[in-house]
């Protein structure tokens, strides 16, 4: 009995400890020193120049899939195949339209071997093709879900247990809630929203999310906002904040609601304001994260961040004569990195693909 006053006095302390244990951890800061960027000089003999003719023109590379001996390139409303070794144009896999073999919007693509899958977020269909352009079938996996009552899917990912997580688009204020992520069962039927983050705007880029298979979660990012979110069935939470130090895009500008406003602020000609932001194509590889950043001086960077040692390396690739410079697109393909290179001497040329071993990022 004599010990009760002491326990009573300590009780608030224990309650505080317990409550602190339930609080989410703050996001980890990934410090990227762009001023320590090393120039990556490309060997032009290793460039694969994608053929440009009246049938094969591209707006740039939104997504690139190695599919057997071919590259499949998504570029706005184009889906085209090129020879992986020579860059020669082979065919269009599918076309924009309303036919059974067509698509109305390419919101995601992926491949298994020589088979290419195209998710059309407008029609909620999955087109299946071979990389030579052969149409296999049009699947309607979400046929049993009523989307007028749920969130419009932009992309979806299959988790380890067979369930799905979707990354959603904007409902334009027509619904009471607009969660960024929703859950679906193995049968593709809607389960419910994932709490933690709402859709902030209607504008988005094709690469805004990826699956972190090793850790059973999604990684999600938004244009010109330097935060990477993690999502699983327990919720959506900020995981990483990319900090470019003195070149960081100010939080007050990242908070602008409209992407066009953020772009205008980022590329403003205000003297002395050199910003680095715009996370693109983030891809996990063990403890490493690979992603691109863009500078408002139109220079682009590829970053390898080692989360185990809290260290990073930064490269910016170009040809010795400056004719070819990297864009924001890249692909981590097994042990290789494949960069999109812009031809500065010919604005009508299709981009080139430059490949190198990921060890060159160390």
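The values are calculated or read from the model by the stated rules, or taken from the named source; none is laboratory data. Remember, predicted model here, so these are calculated numbers, not experimental data. A quick note on method: Cβ atoms are made from the backbone with ideal geometry, for glycine too, and the neighbour counts reach across all protein chains shown.
Just so you know, in the stretch 45-64 the residues that are under 17 Å from the mean Cα position of the chain (by Cα) and not in a loop (DSSP other than H, G, I, E, B) include one that is surrounded by the most Cβ atoms within 10 Å (Cβ to Cβ), and it is 64.
Quick check, is residue 74 at pLDDT below 95, closer than 15 Å to residue 118 by Cβ and in contact with a strand residue (DSSP E or B) (Cβ under 8 Å, 6 or more places away or on another chain)? Criteria not met by residue 74.
Using the structure shown, decide if residue 141 is surrounded by fewer than 16 Cβ atoms within 10 Å (Cβ to Cβ) and touching a strand residue (DSSP E or B) at 6+ places or on another chain (Cβ under 8 Å).
It is true that residue 141 is surrounded by fewer than 16 Cβ atoms within 10 Å (Cβ to Cβ) and touching a strand residue (DSSP E or B) at 6+ places or on another chain (Cβ under 8 Å).
A count restricted to the stretch 265-283 and to residues that are touching a residue at least 60 places away in the same chain (Cβ under 8 Å) and under 13 Å from residue 330 (Cα atoms) stands at 4.
Where strands (runs of 3 or more DSSP E) sit wholly within the stretch 65-118, none has at least 1 residues that are in contact with a helix residue (DSSP H, G or I) (Cβ under 9 Å, 6 or more places away or on another chain) and surrounded by fewer than 16 Cβ atoms within 10 Å (Cβ to Cβ).
Take residue 33 and tell me if it is touching a residue at least 40 places away in the same chain (Cβ under 8 Å) and within 24 Å of residue 283 (Cα to Cα). So residue 33 passes the test.
Here the stretch 268-295 is the region considered, the condition is being surrounded by 13 or more Cβ atoms within 10 Å (Cβ to Cβ) and over 20 Å from the mean Cα position of the chain (by Cα), and the residue that is modelled with the lowest pLDDT is 273.
Yes or no: residue 182 part of a strand (DSSP E or B), crowded, with 20+ Cβ neighbours inside 10 Å, free of Cβ contacts under 8 Å to residues at least 24 places away in the same chain and in contact with a strand residue (DSSP E or B) (Cβ under 7 Å, 6 or more places away or on another chain)?
no
So for the stretch 152-162 (the condition being over 26 Å from residue 127 (Cβ atoms), modelled with pLDDT of 95 or more and in contact with a strand residue (DSSP E or B) (Cβ under 6 Å, 6 or more places away or on another chain)), does at least one residue qualify? Within the stretch 152-162 (the criterion being over 26 Å from residue 127 (Cβ atoms), modelled with pLDDT of 95 or more and in contact with a strand residue (DSSP E or B) (Cβ under 6 Å, 6 or more places away or on another chain)), the answer is no, since none of the residues qualifies. For the stretch 79-99, a residue qualifies if it is closer than 21 Å to residue 153 by Cα and at pLDDT 95 or above, and exactly one does: 79.
Inspect all residues belonging to the stretch 187-196 and state whether any of them is within 20 Å of the chain's Cα centre (by Cα) and surrounded by 17 or more Cβ atoms within 10 Å (Cβ to Cβ). Scanning the stretch 187-196 turns up at least one residue that is within 20 Å of the chain's Cα centre (by Cα) and surrounded by 17 or more Cβ atoms within 10 Å (Cβ to Cβ).
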